[in-house]
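The structure under discussion appears below in the form of structure tokens.
The values are calculated or read from the model by the stated rules, or taken from the named source; none is laboratory data. Since this is a predicted model, take the numbers as computed values, not measurements. All Cβ positions, even for glycine, are placed from backbone atoms using ideal geometry, and neighbour counts span all protein chains on display.
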Amino acid sequence: MYKNTNEEIDLSLENEDFFRKYNRKKIVAAATLGCKVNQYDTEVVINAFRKEGYEIGDFEDYADIYIINTCTVTSLGDRKSRQMIRRARNRNPGSIIAVIGCYAQASPEEASSIEGVDLVAGTKDRTKIVEYVRNIEKERKQLVKVENIMNARDFENAGIDSYTEHTRAYIKIQEGCTQFCAYCIIPYVRGPVRSKPAPDVQEEVLRLSRAGYKEIVLTGIHLASYGRDLKNTSLTDIIHRIHDLDGIERIRLGSLEPTFISSDFVNFVIEHEKLCPHFHISLQNGCDATLKRMNRKYTTSEYRQAVELIKGKIKDASITTDVMVGFPGETDEEFSQTVEFLKGLPLSKMHIFKYSRRKGTPAAEFKNQIPAEEKEHRSKILLELSQEKSYEFERSFEGRVMPVLFEQNVKENENLMEGLTPNYIRVQCPGNNKLKGEIADVKILQALNGYVTGEILQV
């Protein structure tokens, strides 16, 4: 029996019996930590519960079942995962708490030992979460379902019909990674490369288009690897297949490796006008010696060439990147090389990460680990540089007219709406919720801190 503010709840009842007794559906709420792929995986789980008659609630409110899709890229991700578990338990001590995703895959024993956790499931079989929860509802026994992900060979083909909140539709088309960068735990928790078959990608895009989505975001753990496990297909092939589907006005890509960028690819982008001129090209470091220790598969010269190829042909392109500070052995001189390299690149934003030691990765055993305070110092330097570059990029569009896909109200002001340009500039302008999901021409007025203001010219 489970206690709400006013009543005791028996979750062992079947959905129909539960409704008759309490005059409501069982409530499921989910929280997602980490990347866009995780967001997609959460939506898969939520869609599965919705189809089975559960009500979808807010994680910040009372729920009968809490789903926490975890991240383990950094130690901070692990800590946040544990915090979310405790928050769910405090909201409803009688709830069923399911811990899924990367942290669960990497540390199932640790996750299952946390008080209140009923289900631990890794990065596989997400559509079975409903079945697992039902077993727990009946038997009230903890269930741990974590398999050796390195044995996975097939893409878990679960599609989505609609999203809980987003006006942009994320589609995971690729899973797994075989790059084995020295610092990264992801290959060990996501397994080898698997790709969603092209016809299934097309079908999912069509469903989302019919549901009213105008922008599709293609995501994956290592997106450029799409199709390597399939015959006669690649990332550009799948883009070409979905480009002319009715209703879709924008196609946005997730993170790419610099080695994927070529003259042919840039020409391909130009020829496919729905492709957004926004490229997230992972760098990690601006020093060749550090890149080599990281086991990254390119040099700074190759990275610069990739950036110049894009900016040389697509003037308005936004190029964003990831940079890690404090990798083991990174000297002051090596960090200075990174700073100078970044200063010379036409980037619009940099995501700065402090190296986090991950058990089971080669870098965890490297000598010359960098002290936390030095990582913090270097992080602040690059964050300031990122802000400067973002402002410079956004300011260059003042006075221009850009199409904006509106997403939501600005939290601080319900009379303002915000959305994104094709090249990923966040725009705020006067408007109401009727604009949500619509694309309108907006005149860019002023670049501020992390966004620009504008005025709508037409819807």
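Some points to look at:
- Tabulated pairs, the stretch 438-459, first acidic (Asp, Glu), second in a strand (DSSP E or B) and surrounded by fewer than 18 Cβ atoms within 10 Å (Cβ to Cβ), C-beta under 6 angstrom, 6+ apart or interchain: ASP441/VAL401; ASP441/PRO403; ASP441/LEU457; ASP441/GLN458; GLU455/LYS443
- Single unsatisfied condition, ILE251 versus (1) in contact with a strand residue (DSSP E or B) (Cβ under 8 Å, 6 or more places away or on another chain); (2) in a helix (DSSP H, G or I); (3) of a type in the set (A, V, I, L, M, F, W, C): (2)
- For VAL130, the requirement of being modelled with pLDDT of 90 or more and not in a helix (DSSP H, G or I) is not met.
- Unique residue being touching a residue at least 12 places away in the same chain (Cβ under 8 Å) and not assigned by TED's automatic domain parsing to the domain that holds TYR103 when the list is LYS349, LYS292: LYS349
- Test: LYS343 is over 30 Å from ASP316 (Cα atoms) and either in contact (Cβ under 8 Å) with a residue 12 or more places away in the chain or outside the structural domain of SER255 (by TED's automatic domain parsing) (or both): no
- Checked against the criterion of being surrounded by fewer than 22 Cβ atoms within 10 Å (Cβ to Cβ), charged (D, E, K, R), farther than 21 Å from TYR391 by Cα and at pLDDT 95 or above, the candidates GLU302, GLU308 yield just one match: GLU302.
- Per the conditions (1) modelled with pLDDT under 95; (2) outside any loop (DSSP other than H, G, I, E, B), the sole criterion not satisfied by LYS367 is (2).
- Set ALA111, ALA88, ALA31: member being touching a Phe, Trp or Tyr at 6+ places or on another chain (Cβ under 9 Å) and in a strand (DSSP E or B): ALA31
- In the stretch 23-52, the residues that are loosely packed, with under 15 Cβ neighbours inside 10 Å and of a type outside the set (D, E, K, R): ASN23
- Some residue of the stretch 40-53 being within 30 Å of ARG358 (Cβ to Cβ), within 23 Å of the chain's Cα centre (by Cα) and outside any helix (DSSP H, G or I): no
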